[in-house]
Amino acid sequence: MTKAFVVARWEYFEKIKSKAFLISLFLTPALMVAMSVLPALLASRADTESKVIGIIDQSGEVATPLSKILEERFKLPDGEPNYILQPIGQASDLSAGKRIADSLVLAESMEGYVVVGKSVMTDSIVEYRSENIGNIRVTENINSALRDLIVEKKLTAQGIDPKIVKDLTKPIDLKTIKLAKSGKEEESGFGQVFFTAYIFMMIMFVLILTSGQILVRSMLEEKSNRVVEILMSSCSARELMTGKILGLSGLGLTQMSFWVLMGLLLKLKLAIPMIPVGSLLLILLYIILGYVLYAAIFVAAGSPVSTEQEAQQITSYLVMILVIPIVFAFTVTQNPNTTLVKVLSFIPLLSPSMMIMRIPNQMPSVEEIVLTLILVALTAVAFMWVAGKVFRTTILMYGKRPSLKELLVLIRAA
Amino acid sequence: MLNVSHVRKQYSTVLAVDDVSLTVQRGQILGLLGPNGAGKTTTIRMILNIIRPDAGMITFDGKLFDETIRNNWGYLPEERGLYRKSTLLNTILYFASLKGMEKNEAKRRAYDWLKRFDLLNCFNQPVEALSKGNQQKVQFIISILHQPHLVILDEPFSGLDPLNQILLKDILMELKHQERAIIFSTHQMDQAEKLCDILCLISKGRVVLDGEVAAVKNRYGNNTVHLEYDGDGSFLKMLASIKTAHIYENFAELILEDHSSPSDVLREIAQKVDVKKFEMSQPSLNAIFLALVGNPGPTEKTTEVTQ
């Protein structure tokens, strides 16, 4: 078996210098950060300049208190008010006021404007007109301010003490607490759980895909330059395959450690601190098993390949199988206990990612964990065995890719 | 050293190798000859345990294959290539370590060989920066660096310029004198004729001719004429006294019918063309090859079978 290590060392040190590896090493975390963090960051980024909001107040009761509420509640980071309420035109002439306001909005000197009807106290209808009604933050903020203002006014009109009113209309702050089996409670929301599960699944995908691709490519190269014949005359097929998988696992580990280290250095407290060590180890176990399982598949699928196009095809099929669990990501996070989720967890190819998604969410039962672990491990061993056969019989095949039927015959003969 | 006896290999419908036997001793060079698709490469792969024979036995010094034997042979495959991005020295050292060589020793020998092949100054360059011929030299180094007892070279001369062909031939003779067993396959019969001690000619998976080169030639008798001439020689193949004629530009190798006398033939020929040289000799391997594996046509300008 020492030859397997020689192969592993070569694969590791040659591939670690390859462009594909370096790209995935740096690009993947960058992409993940970009895809998951940036939109949230951008969406929740505070304004830096005050926005002018116009108001045409036909009731005559709203403009002044609304201006006060907006000023109190929403401030820019530098302390200036976020929104400046600007009364427009004469309350009596609505159409003239709208014309002026429209032109101001279109000239971009005003974000938008609110039209408050005469009967606002009875029908609670207010119009917000803007060029950019997709800006949820603005509409949401004006909406909440208006709602509070009108409710308060209505209650006061009923003769209730403004102090009590304030108390009654205090908005609800819904905190979501995740309960763990151990009885510990921690504050975390749907988003966080989803994100954690997602991150781990992504890590596994990227590991499998980069190594898988590197593996198929390296086999293709050895095949097309016929180095494989020298290799096969120097060591057994099993040693060669073991060496390749070992070397690639080394690459995968390097990749993972690098990312963890980078995450820690950047103090991007991603998902890792949010879950207990036990779950983390379990997740890592599933990642490793899933990795080995797919490595075997890549070997088996990649060894009959003799052109770049075929390699692409094979990889894309495998990617499709690999990403099936993403479809279920939402279901798993929302309802981790449905029969569907449980059944899917017992399909070996999907099992690792399903369990990785379930663990941060709600720890599956011990029986399920043990059974799926055994199942995946056995499948991995079986796949390795088949992969070894396929590898030995097809690595020397050039030209036409064997059909599945031919392949079965060959494997039986090997 | 190596004894292959009655091996057979069938690929689904094709019988690639059928009952092939051959033996090489230390200090011998065996020429494995045969047309394309004859089963040479399959035979080599079976010897190297890359594929397993369906029947028959292969022994090394009387012992069956075991993993340790792998370190004792070296192989230069027919179609060549190496890891393109890796450096020369690293590539050589990798294959050396796969053969169980210690690193420093491997490095020392690698430098020696690179120097001999005039590649020392590019030891740190990626393989892809080298020309095809130079890559082939690197592959050859890989196949012999670990001083194997059995060296198997598939078409070692193709792709080398004449200078390097001579260098390679010298090295092969050295290896022979170091008591190594060498098998090399080739299409170039003149090459085989000069280098080999024994021959094994395979056609359609079967051995059609084997034995020592001199004995083989003797077996094919002395009724061969080497003729050099000026003029149009196309009439040669029509002569009744000539069994087969391989005609080249101003040169022909003629095999006479058993009853015909050489002097009659010479007289006949001299009437048509200007004879420069007329020599009775043993047949060339080329002629034997063509006689055995099917004649592609006597007027072909070159009978060298190319890939």
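The values are calculated or read from the model by the stated rules, or taken from the named source; none is laboratory data. Predicted model, so just to flag it, every value in this text is computed and none were measured. Here the Cβ positions follow ideal geometry from the backbone for every residue, glycine too, while neighbour counts run over all protein chains shown. All accessible areas refer to the heavy atoms of the entire protein, side chains included, with ligands and DNA or RNA removed. Shrake-Rupley method; radii C 1.70, N 1.55, O 1.52, S 1.80 Å.
Okay, here's what the table says:
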quantity	calculated
In the range B:261-297, the residues that are at pLDDT below 80, in contact with a strand residue (DSSP E or B) (Cβ under 9 Å, 6 or more places away or on another chain) and part of a loop (DSSP other than H, G, I, E, B)	B:282, B:283, B:284, B:294, B:295
The range B:50-81, residues that are under 19 Å from residue A:223 (Cβ atoms), open to solvent by less than 30 Å² (accessible area, probe 1.4 Å) and without any contact (Cβ under 8 Å) to a residue 40 or more places away in the chain	B:50
Residue list for the range A:216-231, restricted to those being farther than 14 Å from residue A:8 by Cβ and in contact with a helix residue (DSSP H, G or I) (Cβ under 7 Å, 6 or more places away or on another chain)	A:216, A:217, A:219, A:220, A:222, A:228, A:230
Residue within the range A:194-216 that is open to solvent by 20 Å² or more (accessible area, probe 1.4 Å), within 14 Å of chain B (Cβ to nearest Cβ) and of a type outside the set (Lys, Arg) present	no
Whichever residue in the range A:217-260 is open to solvent by 30 Å² or more (accessible area, probe 1.4 Å) and among the small types (Gly, Ala, Ser) and, among such residues, is farthest from residue A:16 (Cα to Cα)	A:224
Any chance residue B:133 is within 11 Å of another protein chain (Cβ to nearest Cβ) and either surrounded by 17 or more Cβ atoms within 10 Å (Cβ to Cβ) or not in a loop (DSSP other than H, G, I, E, B) (or both)	no
Breaking point among (1) touching a strand residue (DSSP E or B) at 6+ places or on another chain (Cβ under 9 Å); (2) open to solvent by 50 Å² or more (accessible area, probe 1.4 Å); (3) within 14 Å of chain A (Cβ to nearest Cβ), for residue B:90	(1)
Every pair of residues 6+ apart whose Cβ atoms lie under 6 Å, when the first sits in the range B:94-114 and is more than 14 Å from chain A (Cβ to nearest Cβ) while the second is outside any helix (DSSP H, G or I)	B:109/B:145; B:114/B:123
Residue in the range A:353-363 that is at pLDDT 85 or above, closer than 30 Å to residue A:237 by Cα and under 21 Å from the mean Cα position of the chain (by Cα) present	no
All positions within the range B:47-61 that are away from every other protein chain (no Cβ under 14 Å) and within 20 Å of residue B:198 (Cα to Cα)	B:59, B:61
Helices (runs of 4 or more DSSP H) contained entirely in the range A:317-402, each with at least 1 residues that are exposed (fewer than 15 other Cβ atoms within 10 Å of the Cβ)	A:329-334, A:339-345, A:366-394
Residues satisfying the stated conditions in the range A:15-54, i.e. at pLDDT 70 or above and among the polar types (S, T, N, Q)	A:18, A:24, A:28, A:48, A:50
Condition check for residue B:148: within 14 Å of chain A (Cβ to nearest Cβ), open to solvent by 10 Å² or more (accessible area, probe 1.4 Å) and not aromatic (Phe, Trp, Tyr)	no
For residue B:119: the one exception among (1) open to solvent by less than 50 Å² (accessible area, probe 1.4 Å); (2) within 14 Å of another protein chain (Cβ to nearest Cβ); (3) at pLDDT 90 or above	(2)
Matching residues, the range A:67-102, being touching a residue at least 60 places away in the same chain (Cβ under 8 Å) and not in a loop (DSSP other than H, G, I, E, B)	A:69, A:70, A:73
Among residues of the range B:9-46, those that are closer than 25 Å to residue B:70 by Cα, of a type outside the set (Val, Ile, Thr), open to solvent by 10 Å² or more (accessible area, probe 1.4 Å) and within 14 Å of chain A (Cβ to nearest Cβ), counted	6
Search result, residues across the range A:274-296 that are of a type in the set (Phe, Trp, Tyr) and over 25 Å from residue A:240 (Cα atoms)	A:286
Qualifying position, being at pLDDT 80 or above and out of contact with any Pro (no Cβ under 9 Å at 6 or more places or on another chain), among A:174, A:231, A:168, A:179	A:231
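Per-residue answers, yes or no, for (1) of a type in the set (Gly, Ala, Ser); (2) in contact with a His (Cβ under 8 Å, 6 or more places away or on another chain); (3) not assigned by TED's automatic domain parsing to the domain that holds residue B:189:
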position: B:237; (1), (2), (3): no, no, yes
position: B:247; (1), (2), (3): no, no, yes
position: B:259; (1), (2), (3): no, no, yes
position: B:263; (1), (2), (3): yes, no, yes
position: B:267; (1), (2), (3): no, no, yes
position: B:270; (1), (2), (3): yes, no, yes
position: B:275; (1), (2), (3): no, no, yes
position: B:286; (1), (2), (3): no, yes, yes
